[in-house]
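A short write-up of the structure that comes next.
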Amino acid sequence: MPKTVFLMLYPITIWLWALLLAGPFTTADRSGGIVADRSEHPVPFVQGDTGFYRELISKLQQRLSAASPEKLCLGFDRTLLQPGETLWFNAWLRNAGDLKPAENSQILYVELLDPRGSVLQRKTVIAREGSAAGEFDFSETLPGGLYKIKAYTNWMQNTGEAFERTITLQKVVLPNLNLKLQFERKAFGPGDVAIARFDAMDLENKPLAGRKLRFEAQIQGAENIRGEAATDANGRAYIRFQLPRELVSTDGLLNIQLEHQGQQEAISRAIPIVLNKIDLQFFPEGGDLVGGLPCRVAFKALNEFGKPADVEGELLDENGARLATFTSFHDGMGIFDFTPRAEGRYAVRLTRPVASAKTYPLPMVQAKGYRLHLSRQDASAAYAEVSATHPGQAFLTATSGDKIVFFKEITVGNTTRSVKIPTENLPAGIVRLTLFDHDRFEQAERLVFVNRDRGLNIEIRPDREQYLPRDKVRLDIRVRDAAGNPVEGAFSLAVADDKLLTFADDKQGHLLAALLLEQDVKGAIEEPNFYFDRDEPDAQQALDYLLMTQGWRRFSWREVLHNQPFAVSYPAEKAELSGKLLRANGKPWAKTAVKLHPEGPVQMTDAEGRFSFKYADLEKYTHIEYNHLYYPVYGYTQNIVLWEPGYVGTGIINQERQASSV
């Protein structure tokens, strides 16, 4: 469906990003649009003990009603600013499960933190139908550095949740080219051949082909490695150089220079050098290593600064025999498979980036237990394998958007049972597979991301190819779903200088990554947008490994089934002034005008004397006016009781501020 947007553009070269909110919720990312349509879930598949199924449904609903989890995301026009400029933001406040506008909260707090973490500015914003907007002015006197935006609702403070993004403030001299530099691996050790990918484009995003360039790698602050290369027809060049065999420091910097129109253009990146200081963590699929049951083990390697490190290594038994070798697949994450013995003890030794005698022990092997393995996944279903060391009944469930969409009772034992979980009609996002034993205890869990590529086709057509400064621009925007059907919605569109975006090289999560990934799993995620890039052939597999190494964030089945209370210290806040108007005899005062003062909207009370002003701006109004009386307003509340003059009595009136004539 076509939409028209008018903008005043100052930079001649611009970069456009369209974000679509359609249906209950739809998004588009920079790669062309991916849908997150949280419409009603399909009818759940249920087979087996319906009594346990009903118990799960009932207790999960009780937990969610008490916790009412929320998700929050802010989008910015850019994340690199100069002193004296303004940062604009849009905010989306949603129910965590269905991603519809948040029902619990309507008031949002947004803070600007300086590089030391002190609050510089704090804004209170009203989220109307789950959306809000605002801005922060950065004074010309502010020093450069890394600032933070922190946003939250009062209700979110009960779980410590908050949305945060880093904003870079510095004086910038923009380059005349779009240059990119990225290393092919996240870790290099002594003697390794480091490989970096360099891309050069002009300001019209045309590749600079056949350009000679010079590079210099500075190692440990002194030792320099110099060389030359040339870009290919796509403006790309691969830089290769060997690191010294003796390294005592991780200090390394690669600088590339090339000449363009008589000027030297340059780009630099730190070399990811890793010494023998690797934090290696193991995550058996499903949760445990179980003797006699095949197991897939995911791993994650981090360097001394907590950043991903690509590694290679070997799996050893207690006698030092090599059972398997492995290589990380993406960002230090990967897998290996083996079948542990009940009495076995296992460890891993790394061979790269630094070969070492140090070993990393795997978790203890359990003598009894269960296996939950994701064998494969396609566009219509996920396929799980279930087995156990002992025969019995088990229950496999799948939840999507905090709803149980699959429940099946299974007879388990040494024989592997294959189970098909339909996912074709589920919304894009994480599906949580959980295996319960016959005593209804949670025994294994696996996270699966479904329908990642269910996307939108977005066309943005300007009315002209080029514009002069201060020209008016007309954009025709057409949005269709994967089936080619038109999609209607509301748009958020940002316009920025492409040179500025390239220079900033911001890899923080966009809206899709924030709402469908980062806020559903534990821990920080390095470069979360990568996992939604349909141009990245490794993204889908890497996303699966990520989910094997990150745990579910919002609730555990143990606390659900045991009815653990949800502690509330911070009440939810609605941007609403509501209550009722009563006559002196205590009966409802119907069809009477109630007004926000001064010069605010007017409502007539209903048959029960009720009134409600939603999204009232308390900076504009000081009183509620009725029948020439004025009731002072100091904050949002939904329990106001207003009385007709002449009321004499006790009770609730003593708890309210008395209205007075002015």
- Task: Run the quick spin-label model on LYS148 and ASN485: label points 7 Å from Cα toward the beta carbon, then report their separation in nm to one decimal.
- Result: 4.3
- Query: Taking the stretch 147-184, which trypsin sites (Lys or Arg not before Pro) meet the DSSP loop condition and have no more than 14 other C-beta atoms within 10 Å?
  - Reply: LYS171
- Query: Could you state the number of Å between the C-alpha centres of the stretch 114-146 and the stretch 194-241?
  - Reply: 38
- Query: Can you give the helix-only mean residue ellipticity at 222 nm for the chain, where every DSSP H stretch with n ≥ 4 adds -39500 (n - 2.57) and the sum goes over all residues, rounded to the nearest 500 deg cm²/dmol?
  - Reply: -2000 deg cm²/dmol
- Task: Sort 50-59, 334-343 for me by packing, meaning the mean count of neighbouring Cβ atoms within 10 Å per residue, highest on top.
- Result: 334-343, 50-59
- Item | the chain, accessible area per residue, ligands and nucleic acids excluded (1.4 Å, Å²) | 48
- Message: Can you tell me how the chain classifies by the Cα gyration tensor, rounded, prolate or oblate, using a/c under 1.5 as the rounded cut?
- Response: oblate
- Query: Using θ = phi - 60° and the Karplus form 6.51 cos²θ - 1.76 cosθ + 1.60, what ³J(HN,Hα) does each residue of the stretch 86-103 get, whole Hz, x for Gly and Pro?
  - Reply: 10, 9, 9, 9, 10, 10, 10, 10, 9, 4, 5, x, 9, 6, 7, x, 4, 8
- Once phi for every residue in the stretch 323-339 is put through the Karplus expression 6.51 cos²θ - 1.76 cosθ + 1.60 (θ = phi - 60°), the whole-Hz ³J(HN,Hα) values, with Gly and Pro written as x, are 9, 6, 10, 8, 9, 5, 9, 7, 6, x, 9, x, 9, 8, 10, 6, 10
- Treating only the Cβ atoms of Lys and Arg (+1) and Asp and Glu (-1) as charged, compute the dipole magnitude of the chain about its Cα centre; round to the nearest 20 debye. 700
- Item | Sparsely packed trypsin sites (Lys or Arg not before Pro) within the stretch 467-502, loop by DSSP, other Cβ within 10 Å at most 13 | ARG470
- Query: Between GLU140 and GLU343, what FRET efficiency follows from the Cβ-Cβ distance if R0 is 60 Å, with the result rounded to 0.05?
  - Reply: 0.30
- Sequence ranges 81-88, 195-202, ranked by mean other-Cβ count within 10 angstrom, highest first: 195-202, 81-88
- Note on the structure: Under the Karplus relation with 6.51, -1.76 and 1.60 and θ = phi - 60°, whole-Hz ³J(HN,Hα) for the stretch 357-370, x at Gly and Pro, equal 7, 5, 10, 10, x, 7, x, 5, 7, 8, 6, 10, x, 10
- Name the residues whose placed amide hydrogens come within less than 5 Å of the amide hydrogen of GLY252, ignoring near sequence neighbours (fewer than 5 apart) on the same chain. GLN220, ILE271
- Note on the structure: Any residue on another chain or 5+ positions along whose placed amide H is under 5 Å from the amide H of PHE183 is listed here as ARG197
- Item | Euclidean distance between Cα centres, the stretch 461-533 to the stretch 422-450, Å | 31
- Task: Mind scanning LYS71/LYS300; LYS100/LYS580; LYS574/LYS620; LYS300/LYS358; LYS186/LYS277; LYS100/LYS420 and naming the pairs with a C-alpha gap bigger than 19 Å?
- Result: LYS71/LYS300; LYS100/LYS580; LYS100/LYS420
- Pairs of Cα atoms under 8 Å, at least six residues apart: use those to get the relative contact order of the chain, whole percent. 15
- Query: So, in Å, what gap is there between the alpha-carbon centers of the stretch 364-400 and the stretch 253-277?
  - Reply: 47
- Message: Give me, ordered by chain and number, the residues 5 or more places off ALA133 or on other chains with an amide H under 5 Å from its own placed amide H.
- Response: ALA91
- Item | ASP481 - accessible surface, heavy atoms, 1.4 Å probe, Å² rounded to 10 | 40
- Task: Would you please state which residues of the stretch 367-383 a label at LYS420 would reach in this model, taking the label point 7 Å out along Cα→Cβ and a backbone N cut-off of under 20 Å?
- Result: 373-383
- Prolate/oblate/rounded call for the stretch 310-463, Cα gyration tensor, a/c under 1.5 rounded: oblate
- Give the ranking of GLU184, GLU70, GLU140, GLU259 by solvent-accessible surface, highest area first, calculated with a 1.4 Å probe. GLU140, GLU259, GLU184, GLU70
- Message: Give me the percent of accessible area attributable to carbon and sulfur for the chain, probe 1.4 angstrom.
- Response: 47
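The values are calculated or read from the model by the stated rules, or taken from the named source; none is laboratory data. Every value quoted in this text rests on a predicted model; they were computed, and no experiment measured them. Note that each Cβ is placed from the backbone with ideal geometry, even for glycine, and that neighbours are counted across all protein chains shown. Accessible surface is based on the protein model in full, side chains and every heavy atom, while ligands, DNA and RNA are left aside. Shrake-Rupley method; radii C 1.70, N 1.55, O 1.52, S 1.80 Å.
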